[in-house]
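In what follows, a single structure is set out as structure tokens and then discussed.
Values in this text are rule-based calculations from the coordinates and carry no lab data. None of the values given here were measured: they were computed from a predicted structure. Methodologically, a virtual Cβ is constructed for each residue, glycine included, from the backbone with ideal geometry; neighbour enumeration extends over all protein chains shown.
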Amino acid sequence: MPVPMDIIKSPLKEIDVIFAKNPTNPTWHTEVTEKFKGILATDRLREIPCLESAPKENLLDGQLVVFKGMIQDMFDPEYFFDSYEGETSTGEKVMKTGRFRDTIDATLQTNHDSLTTRTMDRMSYYCISVPAESPWVKKIQNPLLSDKNSPDVPVESLSASEARLSKRSLEEDDVNMEDGSSNEANKRLCTSPTPATTENSTLTPTFDSKKILNFPIPNERGIGCIVKVYDESEHFSLNDIVSFVGILSLAPSLAVVPRSTSETEEGMEDIFLEEQVARNPSPSLVPRLHVISATKVSHCNALLPQAMSQSSHPNVFSEIMRSVKDLRQNLLSVFTEALLGDALAAEYMICHLISSVYMRRELMALGKLSINLTNVPTSCSGFVPGLVNLLQHLTTKCYHLPLTLQNLNGLPFIPRKDYTMNRLVSGVLQLSENTHLILDETALSTGTLDANGVKNVNALENLILWQKLAYDFHYHQIEYNANIPVIILSEGKSLLPSDVLVPLKIKEEKLSSYDNMISAIFTFLSEDLSNKLRKYITICQMMEYTLTEELQNAIQQDFVLSRQAESSSHSMTANDLHLMLGLARLLSLSYGETTLSKEIWGLVRNMETERKQRISQIRR
């Protein structure tokens, strides 16, 4: 039976009906959850508009919307009235709920002392559009968007009535960002029915929409949203990507905070002005979303089911595995051409594309594979843009960061806590997992790194070596795990560390026709083939892998024999063995194999032998 459309346009009416059945039952909202789960399990889910792509004029306050975003910051939890008693103008007493709303009913005289009033708290997150998400992903998820029609960064400013102040306790700055918790004093009661409109009761601050939106990547387009979660079992962390379905709140009064008339308090209000603007921006700039359903996204491939694993969707995996050899060969051919005829570099590139941290053991992040491609031809102006475009075309998230002195010295790479605004100020490296980061060292010129530049370089080193980032909380640092594959493009060996150094072996005849070659590659990559390769990369990344005891013994024996061959210039060290085991895993997965074979181990040894020969030739 089809679900009526008005439950999508006016879900609060259905919620009020459910609440009215038994307003004194503290678990009444479980029926709401079950009701909407049934809706989301039907085809009607497609009719719910996407917050990112729907025209603003079509979005209504109180309707259902879908929003997929990255958790950029964790705000203080806030109190709300799960139920409250009110009195109408005729004296009739009624029960109402403040759940899934930002304001209470302004037409009622509220009785806060009633025994039927239940106060609860909800978690509050600041979410943004997924940073560095590839255009093809956005286009599939949001058909209304195209490469040239991404959601613009709003440029409106707050009106005077949307910038009022309120007093806040100084203790509210002490937020535990590590686990997202705060003490009871930090929770705000969000019940304001209407804004105050008394004369001379407002103060207009200097307003910067980019500062409020707080995107990690400079000049990136997208939206920000304050997300309010009621399910206590839902625990999200910074940088998680979550798909939300919830009720949109656009009430203008949300940006209005009453101003005190006390002279003493007025003096204190100026201290909290910037925080209030940052935490209570205009809903036309930063809408609110009251969550009914939330699902943590394991990948961003719009061609595949969101909650996908090898066990839950074996048919999706088997579909790709049936043509895995052909797909791998196509991908190898594409990158061989893009890397100027270097098939060895293309092999390492495939391993890099499917690399991902799958386990942490002590300080080591197992599964990562950072690559430093050297001998990058700076005389070929189209090489770096061509390679970047190709990676963006095939991966779900990709960010190209030119390592110019201006960027190193001027950009914030690491997020930091701003205690004036009481929020986490984003940095360039605040990216979600499996975002491919391309560090372009060919853009670096001679000059001096200042203190911020040195700090940024150290952050890059820690990210590459340990896949960790130390966020700056001024008085201390908190380390967060990362999972960001890194490619470094450089003329000579990079100043930054890497897992593998791959000197490009260029076929000179391909340099002069590189632009035509890149055009031919994109012609070869039809929409059908591109989609298959995109699925292939994601599925290989998610496949399970085991190393049999027989192979472990064979590898150990191979290692011992190599160590005994002291006269050999290619004898393995312990670091070599660790790298080769990681490469063997990635190479096996790229062939669709879930365990290592002797043939693939032989391929790994040959790859490493050839790579080391190139490095030794350069050093000579």
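Counted over segment 314-542, the DSSP beta bridges are approximately 40% antiparallel. For segment 545-620, rounded, prolate or oblate, judged on the Cα gyration tensor with a ≥ b ≥ c (square roots of eigenvalues), a/c < 1.5 rounded, else prolate if a/b > b/c? Because a/c hits 1.5 or more and a/b fails to exceed b/c, segment 545-620 counts as oblate.
Packing order of peptides 35-44, 212-221, 419-428, highest average first: 419-428, 212-221, 35-44 (average count of other Cβ atoms within 10 Å over each peptide's residues). Near the amide H of Val130, within less than 5 Å, lie the amide hydrogens of Met70, all on another chain or at least 5 residues away, with H placed in the peptide plane. Annotation: peptides 50-57, 62-69, ranked by per-residue average of other Cβ atoms within 10 Å with the highest first, follow the order 62-69, 50-57. Only lysine pairs 8 or more places apart or on separate chains count here, and in segment 314-542 those with Cα atoms under 17 Å apart total 9.
Among beta bridges from DSSP that stay inside segment 333-453, the antiparallel ones total about 55%. For segment 240-248, 3J(HN,Hα) computed residue by residue from phi via the Karplus equation (6.51, -1.76, 1.60; θ = phi - 60°) reads 5, 9, 10, 9, 10, 10, x, 9, 6 Hz, glycine and proline entered as x. Number of Lys-Lys pairs in segment 21-85 with C-alpha atoms under 23 Å apart and a separation of 8 or more places or on different chains: 5.
Whole-Hz Karplus values for segment 125-136 come out as 10, 9, 10, 10, 3, 4, x, 6, 5, 5, x, 5 Hz, taken residue by residue from phi with 6.51 cos²θ - 1.76 cosθ + 1.60 and θ = phi - 60°; glycine and proline positions read x.
Based on the mean of other beta carbon atoms within 10 Å per residue, what is the order of 580-592, 381-393, most packed first?
Values: 580-592: 21.4, 381-393: 18.4.
Going from most to least packed, we get 580-592, 381-393.
Could you work out the percent of alpha carbon pairs in segment 314-542 separated by over 26 Å, rounded to a whole number? I get 41 percent for the Cα pairs in segment 314-542 exceeding 26 Å. In this Cβ point-charge picture (+1 for Lys and Arg, -1 for Asp and Glu), segment 545-620 has a dipole of about 460 debye about its Cα centre.
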